[in-house]
Amino acid sequence: MQLISAGALTQLTQVSKGTGCRVAVVGCGYWGSKHARVMHAADGVEEVVLVDSRRDRLLNLGRSYKTAPWYTDLRSALAHVDAVVVATPPSTHVAVAMQAIEAGKHVLVEKPLAPTSAGARRLDRAAAAAGVVLMVGHTFEYNPAVRKLRQIIQSEELGEVYYIDCARLNLGLYQNDVNVILDLAPHDISIINHVLGRKPVAAQAWASRHAHRRFEDVAYLRLFYDDFFDDRGLSANIHVSWLDPCKVRRVTAVGSQKMAVYDDLAVDERIRVLDKGVCLPPDGDNMTQPPLSYRYGDIVVPFISPDEPLAVQNQHFIECIATGSRPLTDGANGLAVVEALEAAELSRRLGRPVLLAELSADSRFTQPFSLGSRYVSASRASGGTGAANGAASAVRTSPEMS
Ligand SMILES: NC(=O)c1ccc[n+]([C@@H]2O[C@H](COP(=O)([O-])OP(=O)(O)OC[C@H]3O[C@@H](n4cnc5c(N)ncnc54)[C@H](O)[C@@H]3O)[C@@H](O)[C@H]2O)c1
């Protein structure tokens, strides 16, 4: 449990006495406007304050919320609120959230928590020191379909999970400050971390730049778990793209007993559990035997509650403020996703898998650069922890205004 500072305690007391929480939504663009709608409807919210450096955005959103106070900078709004939702572009998350935390405000930061793990750690430490709630907007972890998928996987209904495959494709929306990995993969990594209840130990990524001048718009990521060097070990594959003719939002989990497909775009059958599989012949190790047989069984469609994930998430934030409890998607949860993103981003640059352990403060990034199989065999020889290669500066992903 976090320590609660005197200022934050006063706010908690006010909120628990029923005076309600006053929430600033900073960034009133595409996603911030949804936060404004959801916060207006949340229990325990007394007032929603709109903040955006663009006056036209404020005027536009202000038409829907005529009584909502608005400000063109967070500093002017801070005296009037208890909590802040940061829905500005990712490169600004650390600076904006830090400003709120230093003023003793509870903070919900949109994904990714920060563009770098150093930024995410700073926010986590600062929130703990200030005794305020820090939550990250990993909306899919509040999505009833993702929670159902987690339940299915954790109950071992699928058997041993072989791999998870995610596809998040569409034409756009192109971003101005981060590449497609930092924009879209946070969703998939948070979903995978949540349903598996595990964090990856290494990441590998390939990405290419087509229509965007600066940022990669198509990327493939692979996450490895504790059996990194075992090609039969658990892995997760993620395909993200801003440059695809078809909108796809799909997660497939393949297990030794069954398979599950979560299609976020499906109207009725968002999760299907398929009793499909492959059976080894009795003498499975004998490669001269005829190959595998295939099992085709029932397809089950579980009930998924229609709750809006963003509304569930934001209500949880307000409840955590009122009760002083730690959010499901706290700073550590946000950091775990950022570390996987950072390892993927570094892998893309170095052209080799990157262990998350390499990103820690005491990593050996000053060691000589080497690639591919040399790296793997050196890692194997040294017991699998891997020698970190490349320059320390290469860890940084995109600019972070802080
Ligand atoms: N959880 C989700 O499902 C989800 C979905 C979409 C976007 N997002 C996240 O929401 C955030 C915003 O994305 P978006 O698509 O709404 O972007 P957007 O560009 O539509 O809106 C961002 C807004 O922030 C404002 N802004 C920028 N810097 C500011 C500052 N320092 N102070 C005040 N206002 C500032 C801009 O003027 C703009 O209006 C991003 O972090 C993104 O990753 C999350």
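The values are calculated or read from the model by the stated rules, or taken from the named source; none is laboratory data. Predicted, not measured: the structure shown is a model, and the values here were computed from it. Here Cβ is always computed from backbone atoms with ideal geometry, including for glycine, and neighbour counts include all displayed protein chains. Protein only, heavy atoms only, side chains kept; ligands, DNA and RNA dropped before computing areas. Shrake-Rupley method; radii C 1.70, N 1.55, O 1.52, S 1.80 Å.
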Treat each spin label as a single point 7 Å out from the Cα along the C-beta direction, and report the LYS247 to TYR294 distance in nm. 3.1 nm
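Under a point-charge model restricted to the Cβ atoms of Lys and Arg (+1) and Asp and Glu (-1), what is the dipole moment magnitude of region 153-204 relative to its Cα centre, in debye to the nearest 20? It would help to have the intermediate numbers written out before the result.
Values: 3 positive and 7 negative charges, 29 e Å.
Taking the Cα centre of region 153-204 as origin, the dipole is about 140 debye.
Sum up the charges of everything whose Cβ sits under 12 Å from the Cβ of VAL251, counting Lys and Arg as +1 and Asp and Glu as -1, but leave VAL251 out.
For residues surrounding VAL251, the net value is +3.
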The correct ranking of LYS66, LYS199, LYS105, LYS247 by accessible area at 1.4 Å, largest first, is LYS66, LYS199, LYS247, LYS105
I want the local charge near GLN99. Using Cβ-Cβ distances under 10 Å, sum +1 for each Lys or Arg and -1 for each Asp or Glu among the other residues. 0
Ranked by accessible surface with a 1.4 Å probe, highest first, in what order do GLU345, GLU157 come? GLU157, GLU345
Heads up, region 139-241 by the C-alpha gyration tensor (a ≥ b ≥ c square roots of eigenvalues; a/c under 1.5 rounded, else a/b over b/c prolate, else oblate) looks oblate
With +1 on the Cβ of every Lys and Arg and -1 on the Cβ of every Asp and Glu, the dipole magnitude of region 261-310 about its Cα centre, in debye rounded to the nearest 20, is 240 debye
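For a test of the definition: using alpha carbon positions, the gyration tensor, and the 1.5 limit on a/c, classify region 197-276 as rounded, prolate or oblate.
On the way: a/c = 2.99, a/b = 1.16, b/c = 2.58.
Oblate, since a/c reaches 1.5 and b/c is not below a/b.
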FRET efficiency for TYR163 and ASP226, Cβ-Cβ distance as r, R0 = 22 Å, nearest 0.05? 0.95
Tell me the net charge near GLU110. Cut-off is 12 Å between Cβ atoms, GLU110 excluded, with +1 for each Lys or Arg and -1 for each Asp or Glu. +1
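Specify whether the C-alpha gyration tensor of region 56-140 places it in the rounded, prolate or oblate class, a ≥ b ≥ c being the square roots of the eigenvalues: rounded for a/c under 1.5, otherwise prolate if a/b is larger than b/c and oblate if not.
On the way: a/c = 2.16, a/b = 1.56, b/c = 1.39.
It is prolate, given that a/c is not under 1.5 and a/b is the larger ratio.
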Mind grabbing the accessible area of ARG250 for me, 1.4 Å probe, Å², rounded to tens? 100 Å²
